[in-house]
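**Q** Below: one structure in structure tokens.
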Amino acid sequence: MPSSMNSSTAFQPFSRTAMKTKTQPTGVYTNVEELLQLRHLAKDISLVPRKKSSAAMDGDAFSRSRGRGMEFAEVRAYQPGDDVRNIDWRVTARTQKPYTKLFQEEKERPVFLVVDQRSPMFFGSQNVFKSVYAAQIAAILAWSANQNNDRIGAMVFGDNEHNDLRAKRGKHAVLGLLNKLQMFNGRLQSPNQPSEYTCTDIINDVRRVAKPGSSVFIISDFHDFEPDSEKPLSLLSRHSDTHLVKVFDPLERQLPGSQISVSNGSQRLKILAGSKDLYRRFHEAFEQHEHFIRKACSNTKALSFRADASLPVQQWVADVFLSHNRH
């Protein structure tokens, strides 16, 4: 939680009214100005994850780039030995001399960012909410793609709607994403609102929009990643380099000490955390679901990373992406 903590953990839900005041709690909502300031963190990173990153889930299979093809370079006069399938018949007909097309390896790799801003992301026990952390990661990845002159596309999901951003180059593509992140993030009010979209729906929609050869990053807590989510993930990973970034809060992984302090901003309630058996079962449920996601990624050749929202986002980015070329 953005507020300071003592011996017990506190969670304070904030109302939409509080968001609009000048005393907006840091870490509960994000804004374009904050996301703009993250630009400097993208300066030295490569969007090829480090294989030895501590954030990578155990058992990941690191895959080659997929979907890259050949792009047209130029036309020149046909020479013996050239592939006749590459003859440019239009130029040949116009000049009455055989010409052939030359191709070069396609270097461009569109970056496609998928950001979950559904209600379960509206939770945090320490520095920032998961929804804010996801937006920060997406912003840094977008800035990195921009400095590499890659086209940037995105999908941002809320509870009742989503927005597609066509892949484009340049600063305006990043700014368009940052504005959408602020808009969807600002609509969050509770972690318990029903959503029209499931994780499986999201992955299926990504398959529809992301072009083959894209580097796809899906940033979510994946709380509703189910067995039927694996099939669309496999289909997506066949033609794209797919990365799942699982954002979690430490309180979801491990209960704190003997009591939990819960507040709505004006009142505070202390709850006994329960028996050691409850602690154990709570932790095991988290680990089992993480293992399930890790296994699905291994089966589909997708990459999976955990992102602890209690850590500074620059620390996570450095661990996963920084100085890749030096290793």
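The values are calculated or read from the model by the stated rules, or taken from the named source; none is laboratory data. Since we're looking at a predicted model, the values are computed, not measured. Positions of Cβ are backbone-derived with ideal geometry, glycine not excepted, and every protein chain shown enters the neighbour counts.
**Q** Are any of the residues in segment 246-256 assigned to a helix (DSSP H, G or I), among the aliphatic types (A, V, I, L, M), modelled with pLDDT of 85 or more and touching a strand residue (DSSP E or B) at 6+ places or on another chain (Cβ under 7 Å)?
**A** Start the filter on segment 246-256 by keeping residues that are assigned to a helix (DSSP H, G or I), which leaves 250-253.
Filter again for among the aliphatic types (A, V, I, L, M), leaving 251.
Filter once more, so that each one left must be modelled with pLDDT of 85 or more: 251.
If we keep only those that are touching a strand residue (DSSP E or B) at 6+ places or on another chain (Cβ under 7 Å) too, we end up with 251.
Scanning segment 246-256, I find at least one residue that is assigned to a helix (DSSP H, G or I), among the aliphatic types (A, V, I, L, M), modelled with pLDDT of 85 or more and touching a strand residue (DSSP E or B) at 6+ places or on another chain (Cβ under 7 Å), so the answer is yes.
**Q** Taking D221 and the conditions (1) farther than 22 Å from F286 by Cα; (2) in contact with a Pro (Cβ under 9 Å, 6 or more places away or on another chain), which numbered condition does it fall short on, given that it satisfies the others?
**A** It fails just one condition, (1).
**Q** With respect to M183, determine if the residue is of a type outside the set (D, E) and under 20 Å from K246 (Cα atoms).
**A** no
**Q** For N163, are the conditions met, namely being assigned by TED's automatic domain parsing to the domain that holds V262, more than 29 Å from R253 (Cβ to Cβ), assigned to a helix (DSSP H, G or I) and touching a residue at least 12 places away in the same chain (Cβ under 8 Å)? Lay out the reasoning, then the answer.
**A** Working: assigned by TED's automatic domain parsing to the domain that holds V262: yes; more than 29 Å from R253 (Cβ to Cβ): yes; assigned to a helix (DSSP H, G or I): no; touching a residue at least 12 places away in the same chain (Cβ under 8 Å): yes.
Against the criterion (assigned by TED's automatic domain parsing to the domain that holds V262, more than 29 Å from R253 (Cβ to Cβ), assigned to a helix (DSSP H, G or I) and touching a residue at least 12 places away in the same chain (Cβ under 8 Å)), N163 does not qualify.
**Q** Hey, does segment 217-232 have a residue that's at positive phi and surrounded by fewer than 16 Cβ atoms within 10 Å (Cβ to Cβ)? Lay out the reasoning, then the answer.
**A** Residues of segment 217-232 that are at positive phi, as a first pass: 222.
From what is left, the residues that are surrounded by fewer than 16 Cβ atoms within 10 Å (Cβ to Cβ) are none.
Taking every residue of segment 217-232 in turn, none turns out to be at positive phi and surrounded by fewer than 16 Cβ atoms within 10 Å (Cβ to Cβ).
**Q** Let me ask another. Scan S195, S237 and give me the residue that is among the hydroxyl-bearing types (S, T, Y) and part of a loop (DSSP other than H, G, I, E, B).
**A** Sole residue among the options that is among the hydroxyl-bearing types (S, T, Y) and part of a loop (DSSP other than H, G, I, E, B): S195.
**Q** Give the residue that is farthest from the chain's Cα centre (by Cα), with candidates limited to residues of segment 288-327 that are among the basic types (K, R), modelled with pLDDT of 90 or more and over 16 Å from D228 (Cα atoms). Spell out the reasoning first.
**A** The initial filter retains those residues of segment 288-327 that are among the basic types (K, R), namely 294-295, 301, 306, 326.
Adding the requirement that they be modelled with pLDDT of 90 or more leaves 294-295, 301, 306.
Restricting the remaining residues to those that are over 16 Å from D228 (Cα atoms) gives 301, 306.
Values: K301: 17, R306: 11 Å.
Checked segment 288-327; the qualifying residue farthest from the chain's Cα centre (by Cα) is K301.
**Q** Related question: Please determine whether any residue of segment 88-104 is at pLDDT below 95, crowded, with 16+ Cβ neighbours inside 10 Å and within 24 Å of T242 (Cβ to Cβ).
**A** No; the residues of segment 88-104 include none that is at pLDDT below 95, crowded, with 16+ Cβ neighbours inside 10 Å and within 24 Å of T242 (Cβ to Cβ).
**Q** Is there any pair with a first residue in segment 136-150 that is closer than 17 Å to W316 by Cα and in the same structural domain as S214 (by TED's automatic domain parsing) and a second that is at pLDDT below 95 and of a type in the set (S, T, Y) whose Cβ atoms are under 8 Å apart and which are 6 or more apart or on different chains, and what are they?
**A** Once the first residue is closer than 17 Å to W316 by Cα and in the same structural domain as S214 (by TED's automatic domain parsing) and sits in segment 136-150, its partners that are at pLDDT below 95 and of a type in the set (S, T, Y) give Q136/T30; S144/S46.
**Q** Condition check: modelled with pLDDT of 70 or more, under 42 Å from the mean Cα position of the chain (by Cα) and either outside the structural domain of P212 (by TED's automatic domain parsing) or within 30 Å of N299 (Cα to Cα) (or both). Does R64 satisfy that? I'd like the intermediate steps shown before the answer.
**A** Details: modelled with pLDDT of 70 or more: no; under 42 Å from the mean Cα position of the chain (by Cα): yes; either outside the structural domain of P212 (by TED's automatic domain parsing) or within 30 Å of N299 (Cα to Cα) (or both): yes.
When the stated conditions are applied, R64 does not pass them.
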